[in-house]
Each structure stands twice: as C-alpha cells, then as structure tokens.
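Q: Please see the structure below; I have some questions.
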Amino acid sequence: MRCDFFSLRIRCQLISKMQEKKEVHVKKIDLTSWRWWLGLKEERVMSKPINNYGITVIVPAFNEANSIADTILSVQAQTVQPDEIIIIDDCSSDRTNEIASSMGVTVVRTEVNQGAKATAQKYALDRGLVKTELFITIDADTLLAPDAIERTIPYFNDPLTASVCGYVIPARIESIWERGRFIEYVFSISLFKMAQNHLGSVVISSGCFTVFRTDLVLKMGGFNTLTMAEDMYLTWQLSMAGYRIYCDNKAFCYPFDPPTFKIFVAQLDRWYRSFFQNLAIHWSDLLKYDRKLAAFTFGYLLDGSMFAIGLMWGLLYSIVNIPYVSLIMTLMLDTAIVSTVCIIEGIRIGRLHQVLLCLPAYQITRLVGMFVFWRSMWKEWIVGDRLKLWVKGH
C-alpha cells in the first residue's frame, strides 16, 4: 500500500490540472460514434507542431553490442533530429560502450549495474542529464521508422499531453512466437489501443518507444521501481493526475521480440506479473481519479479471463453434449474476430501478406499466453510470490 502523501499529491495535481483545463480549448468526444473504436478520428491534434521542442533520447543498454549500432543509426536517421542521444551503459561486459562511443553519441556508464531498465532510466533523470522539454525512451534493441519522432510531436500542441508512444511491430518475424506476437500487436493496437487513444487514455505508454514531456515526468518523481513495469506505473500516474496519453498508429517502432518458447514465456510472465503488481497498487486510485483508465484496465483483466472461461465452457459443454463442437465453435468465433480486424489493419499498414501468414501462429501463442496469464495472477495475487528479477526479452 502507498502512503497518504501519494494520494494527497495526486489530489493536488488533479486540482491544478482542472484549473489549467479552463484555459485550454478541448473538443468534445462523440462517444456515440463507432469510429472512435478504430481510432479513425483524432480532431484535437494539429498537423504540425506549434513549438520547436528540444529533444533528448535515452537508451538504457546492458550487453547490447549486437543491436546498439542499428538502434543509434535509426535515431540519427530521423526526420526530426534530437538534440542529444544518451546511451546509459549499465555496466555492460561486451562491446556496447565501445560501439556506442564511436558513433557520436553521449555514453554514460553506471558505477554499478542498476538491475533493470527503469533504474537505468532513473539514473539519467536523477543526475539531470535531460535538459530538454521532451525526452524519448528507446530500448537498445529497437529500431525506429524515419518519421517516428516527427509523427509524435504535434500531440504536444495540447499542453496536457504527457506522453506519446508508437505502433509496435517486431523487427524480425520468423519463429512461431514472433509471428504470434506480430498478430497480437496488430490486433490489440489497432482495436483497443486506438480506442484508448481517442480518449487520450492509453493504458500503457510502451517503454520500447515513447516521447515524454520532461517536466511532467519529473513532477511524478521520474521512473518508479516499485514494480517490474516502470512504463505502466508512470503512465497510470500521469493519467490519474489529469494528463493525456496517446499512441500514434503511424509512428512505427521495431523491437526484437522473443524468438524462442522459453524467452517468450519469460517475457510474458514479466509483462503479466507487472500488470498485476501495478493493479494491486493503483486499483483504488484508478476508480477514484481516472474512471476512463480504470474501465480500460479492468476491461483488459476481464478480456484475459473471458477467453479462458470461454474455452473451459466450450470444453465442458462438448464433453457433456456433442464432443468438442462447442469448443471448436468458440475457437472459430475468436479466430474470425481476430482475423477480420487484423486483415483490415494489415491492408492499412501494407502488411496484409504477412498478416495472413502469421494468423495461424496467434492461436498457439494465445493459448500459451492464457496459461501464463493465470499462472502470473496466481503467483502475484494468491501466493504472494512477487517477481523481482528483470528478464530480458531476447
């Protein structure tokens, strides 16, 4: 449980932001329109930025010699150039420091290994290394589309915008696990995240690529290390304080996702257990201070539960009545919904062929994900076996 000071701080921030909102013209959202679910309409964002923001890029890196050069090159190739690129070398034992230092960027090596991405990012903020209005967090194994940064900047025309994240697509889509993850991104981002985006209440501003307003992050105390998902924790803090979180569906970023079953399960376990950790801390404040975010968050919890319940119902009904017909019908309905959404989105992003090839893998990875979801809930909420060790996703 958090101390009363945190709740008091949230209340003060909400009062302050209510006063600020009186001076900002915000267009009303038409909740009766079906279009907002597909993220097809975003009227409040201007086409061009009204300010020339200073931008700092922070890249935490631990033993990333195989990918750090490509990550840096993708940042240096941006249509909107950052003022500074800072590599936080978290005591790497490979050539990460040497490679980064040769590429004209700032390299800061920690005295001791920070143990997680959140603490490495916190290291940079606590030492005042970020001196610009905006800063960007990028994973050291993530590549950016050339216009990724440029597409996020107009959102900051709204003074209440706290962060903008990008559209995630795996950099490599070869194994079953990478194919399934690709469909997972396409389905969830195009449908759920764009619905959240229309309300300025994205559930998580993805850590692999997000642009933050520096002063607001510092006001929240920077990156918190109470959970294994610093990006989700900070997103919820900012949203509960009255700020807006967005995702641009054309600002593409390409992280390297788990290629094997073992690494895939380990990453899922960290993601799910981080979600349960954050929900255990914030659930009451979500209901008090941000009902939009609470609806999306508890909806995600319900979605993860309903899929499993639907499968169990189908299996039990099939055993009692016609063998496996209900189970097959349940899977067919789920597949039809996912496939329809992903095919439409695949056409939009120019990856229809890839979507069609990857759809069969999604049902495999989703079943694995369902098992890890329930196991993670059991460990975090029932037996109290909290995850404390950061596991890399590659």
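FYI, it's all coordinate maths here, none of it is from the lab. What you are looking at is a predicted structure, and each value in this text was computed from that prediction instead of being measured. Cβ atoms come from the backbone with ideal geometry, glycine included; neighbour counts cover every protein chain shown.
Q: Using modelled backbone amide H atoms (1.01 Å from N, in-plane), which distant-in-sequence or interchain residues come within less than 5 Å of F256's amide H?
A: So F256 has HN proximity to A171.
Q: Please turn the phi angles of segment 338-355 into ³J(HN,Hα) values with the Karplus equation 6.51 cos²θ - 1.76 cosθ + 1.60 (θ = phi - 60°), one per residue in order, whole Hz, x for glycine and proline.
A: 4, 5, 4, 4, 5, 5, 4, 5, x, 5, 4, 8, x, 10, 4, 4, 5, 4
Q: Counting other beta carbons within 10 Å of each Cβ, put S74, S101 in order, fewest first.
A: S101, S74
Q: Across segment 235-252, in residue order, what do the Karplus-derived ³J(HN,Hα) couplings come to in whole Hz, using 6.51 cos²θ - 1.76 cosθ + 1.60 with θ = phi - 60° and x for Gly and Pro?
A: 4, 5, 4, 5, 5, 5, 7, x, 8, 10, 10, 10, 9, 8, 7, 10, 8, 7
Q: For E64, E84, what ranking results if the residue with the fewest other Cβ atoms within 10 Å of its Cβ goes first? Walk me through the intermediate numbers first.
A: Working: E64 26, E84 16.
Fewest-to-most Cβ neighbours within 10 Å comes out as E84, E64.
Q: Right, here's the next one. By the gyration tensor of its Cα atoms, with a ≥ b ≥ c the square roots of the eigenvalues, what is the shape of segment 185-275: rounded for a/c under 1.5, prolate for a/b over b/c, or oblate?
A: Note, shape of segment 185-275 comes out oblate.
Q: Quick one: net charge of I153's neighbours, Cβ under 14 Å, K/R +1, D/E -1? Could you put the intermediate results ahead of the total?
A: On the way: positive: K48, R151, R213, K250; negative: D83, E133, D147, E150, D158, D248.
Residues near I153 contribute -2 overall.
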